[in-house]
1. So, in nm, how far is label A:E255 from label A:Q504 when the simple model puts each one 7 Å beyond its Cα toward the Cβ?
2. Do you know the relative contact order of region A:126-215, to the nearest whole percent, from alpha carbon pairs under 8 angstrom that are 6+ apart?
3. Restricting to DSSP loop positions (anything but H, G, I, E, B) with no more than 13 other Cβ atoms inside 10 Å of their own Cβ, which trypsin sites (Lys or Arg not before Pro) remain in region A:202-285?
4. For A:I569, list long-range residues whose amide hydrogen, built 1.01 Å from N in the peptide plane, is under 5 Å from its own amide hydrogen.
5. Classify region A:390-466: rounded, prolate or oblate, from the alpha-carbon gyration tensor (a ≥ b ≥ c, eigenvalue square roots; a/c under 1.5 rounded; otherwise prolate if a/b is larger than b/c)?
6. Beyond 19 Å, what share of the Cα-Cα pairs of region A:2-60 is found? Please give it as a whole percent.
7. Amide H of A:A36 versus every other amide H placed in the peptide plane: which residues, excluding those fewer than 5 positions away on the same chain, fall under 5 Å?
8. Which residue, chosen from A:Q509, A:S73, A:T478, occupies the Cα position most advanced towards the positive end of the dipole of chain A, where the dipole is computed from +1 (Lys, Arg) and -1 (Asp, Glu) charges on Cβ about the Cα centre?
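Computed from the coordinates by the stated procedures, all read-outs in this text should not be read as laboratory data. Note that the structure is a prediction, hence the values are computed from the model and not measured. Neighbour counts are summed over all protein chains in view; Cβ atoms, including those assigned to glycine, are modelled from backbone coordinates with ideal geometry.
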Amino acid sequence: MIQVTLDDGTVNEYVSGITAGEVVIDANGKKHGCVAAIVNGEQKDFSTQLTESCEVSGIDAFSDDGMHILRHSAAHLLAQAVMELYPDAKPTIGPAIDRGFYYDFAMEPIGESDLKTIEKKMNELSRKNLQVERIELTDEELQEHFVNNPYKLEIINDKLEDGDSSTIYKQGDWYDLCLGPHVPSTAKLMAVKLTSVSQAYWRGDQSREQLVRIYGIVEPDKHALKQTLSRMEEAKKRDHRKLGKDLQLFHVDEEVGQGLILWTPRGAVVRQELQDFISYHLRRQGYHQVFTPNIGKLDLYRTSGHFPYYQDSQYPPLVEKDLMKKLSDEGCSCGELSNMMKAGDIEGYLLKPMNCPHHVKIYSSQARSYRDLPLRLAEFGTVYRWEQSGEISGLTRVRGFTQDDAHLFVREDQIAEEVLGCIELVQVIFETLGMEDYRVRVGLRDPDSSKYVGSPEKWDAAEQACRDAASSLGVNWTEEEGEAAFYGPKIDFVVKDVIGREWQLGTVQVDYNLPERFGLEYKGSDGNTHRPVMIHRAPFGSMERFCGVLIEHFAGKFPTWLSPTQIHILTISEKHAQYANEIAALLKDNDVRVEIDAGDDTIGKKIRTHRKMQPAYMVIVGEGEIESRTVSLRARNGDQISGLSLDDFISSLKQEIQEKTSVPSLVPAKSD
RNA sequence: GCCAACGUAGCAUAGCUGGUAGUGCGUCGGAUUUGUAAUCCGACGGUCGGGGGUUCGAGUCCCUCCGUUGGCUCCA
């Protein structure tokens with residue numbers, strides 16, 4: 001007999017050899033909803049035999065660990081189904097991922113339409129209730145089992161070196177190399193859905209074989225699957241690319257260029273309001289606004305190191321036309337031209353890929369003393385980067401974007417405080433926008449790497465400054481080794497939007513490198529010359545990206561202060577146009593963005609039409625309103641109040657805009 | 001950049017195995033003058049992403065380029 005301690009603390013006696021699964025059933029009943037067990041802190045299959053006294057608890061399918069196991073097992077089921085349908089395919093790897101699972105196969109390309117067939121097969125295999133068996137093999141046996149699959153053999157060979165145990169999991173006739181644990185039976189995998197098919201490289205290496213990757217999601221039951229699918233639908237409705245079109249916020253035109261955003265009037269309002277808001281806080285924090293041009297000489301970027309290092313992701317340099325003609329007359333080839341540029345033999349201009357060199361030059365345009373520091377130079381600077389064509393998407397990955405950029409030139413003893421200031425700015429803006437769920441990642445150097453510039457002491461101090469800043473704010477933060485830039489540690493901001501998706505926005509980076517490269521100096525209080533440290537910060541990344549995130553966060557229903565049009569005035573009939581115009585004029589005088597519809601549609605039709613543009617409020621006026629000099633106000637959710645006096649309306653609206661209330665609230669919620 | 005799928009009027013879509021384009025919304029015109037999620041009638045609008053090919057004939061098949069989407073890789 002053995003003693004088994006359950007997770008509620010009770011101790012039961014069982015015969016030796018009982019399985020973990022049997023214990024879980026005994027403890028939680030048959031409908032336990034678990035997919036595996038934890039034995040003495042380790043995840044184990046239900047089939048694991050217990051021969052010594054131990055602690056056992058079940059892993060609930062809905063828990064993080066449970067979902068991981070479920071996903072991993074679903075990947076196996078997917079592979080089994082694919083192998084039945086495409087016997088020539090060779091399975092490679094199939095892990096669980098955050099939102100589901102995938103499996104990579106070496107096989108002829110398939111299309112989305114094939115997914116349904118595979119899914120059907122998976123359902124069929126699931127219904128067969130195949131037991132999932134764990135089998136331990138010797139290394140030789142393992143090699144034999146996968147003799148026809150070079151990918152698995154490669155993994156096995158790597159594994160053997162690591163000395164991992166050699167196990168396979170078998171369900172029906174099919175088996176796969178895996179450490180487990182897995183669900184006890186394919187019956188646990190009845191709620192699966194294949195979502196997409198795409199391509200991946202073997203081991204993520206572009207130079208190696210292309211594989212077919214099939215993605216899917218799985219849930220513990222059909223109900224949960226339905227919920228997840230509807231959440232995905234919701235996310236799709238919020239897609240800023242779709243809303244950007246529907247709400248006429250921005251446009252990308254093939255003839256202008258991929259990834260180059262045209263901000264249309266309504267979107268420009270959102271961007272401008274946001275920029276004004278950020279600028280206001282920058283001024284309060286002692287930043288100085290600067291403007292710099294969109295291009296700079298190549299040599300500038302040679303000095304900064306960016307031109308040679310990031311050459312592949314820059315627009316090609318501009319060469320002066322006389323020089324170009326001369327080189328062309330001499331029969332200079334493109335390759336030669338490129339080499340001469342690299343070597344610095346000819347000069348040209350670069351569309352600026354970042355703002356720092358220009359700001360550095362503003363710093364060094366004057367002699368600086370310690371009294372000048374910190375010097376904070378801010379610019380909404382537009383930069384251009386040659387992103388890979390396949391990466392470009394909506395507002396989040398573009399080739400021209402405007403950073404909410406600033407560079408702080410500081411003394412070493414000021415680093416901590418200035419980093420803190422950067423984070424405070426982010427905090428106030430996130431709070432105003434109702435994005436209070438965010439976290440901070442502190443990127444530290446990899447202690448085993450030698451790629452970093454600057455002395456270890458400076459690094460220690462800078463890293464500590466970043467940690468201190470992060471921890472002083474009471475937000476979640478994590479440290480990540482090896483995530484620092486080569487010139488200094490950094491802090492990244494990651495926000496969670498209202499439907500739980502995370503977005504990486506901007507960063508704060510401490511930089512010892514650039515001041516060195518440009519030979520920046522200041523005169524210290526000791527009379528000696530010192531080198532400043534730079535802090536790069538673009539806490540929201542880019543205006544494009546940030547607006548994109550906001551569009552999705554608000555699902556296009558912007559707070560009143562950000563709404564492209566704040567008020568739409570609708571008349572009951574054309575007879576009321578004059579009153580509508582009067583109100584509009586009044587609102588415009590008060591700096592409110594307003595639109596009028598005094599056309600001959602019915603009021604129902606007008607509401608329907610204008611709803612699509614998501615104004616913060618609709619104002620409806622007819623005979624009654626004209627007589628009493630009031631308005632009827634309609635919120636986005638359909639709630640309404642009538643008889644609101646013009647004065648009250650305008651003053652409370654102004655207040656809401658001024659306070660940047662994150663949810664329009666002039667119309668009280670219906671109380672019934 | 002790589003792989004797959006896709007690309008029909010401003011938007012959303014129909015068009016099976018090839019026989020020279022439909023529909024809804026929007027727009028415009030007319031009628032209507034309306035009280036909180038679609039009033040009626042009519043008209044305009046497409047060389048079916050660009051170019052090339054196969055064919056008597058291509059939106060539909062093939063090639064190529066451009067773009068979009070989903071991934072991979074990359075991201076100062």
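1. The modelled label-to-label distance comes out at 3.7 nm.
2. Numbers: 111 pairs, mean separation 28.0, N = 90.
Taking the mean separation of contacting Cα pairs over the length of region A:126-215, I get 31 percent.
3. Numbers: sites: A:R203, A:R208, A:R213, A:K222, A:K226, A:R231, A:K236, A:K237, A:R238, A:R241, A:K242, A:K245, A:R266, A:R271, A:R283, A:R284; in loops: A:R208.
Sparse-neighbourhood loop trypsin sites (Lys or Arg not before Pro): A:R208.
4. Under 5 Å from the amide H of A:I569: A:E595, A:I596, A:D597, A:V619.
5. Numbers: a/c = 2.01, a/b = 1.35, b/c = 1.49.
Oblate is the answer for region A:390-466, as a/c is 1.5 or above yet b/c matches or exceeds a/b.
6. Tail fraction, whole percent: 13.
7. Under 5 Å from the amide H of A:A36: A:I59.
8. Among A:Q509, A:S73, A:T478, the one farthest towards the positive end of the dipole of chain A is A:Q509.
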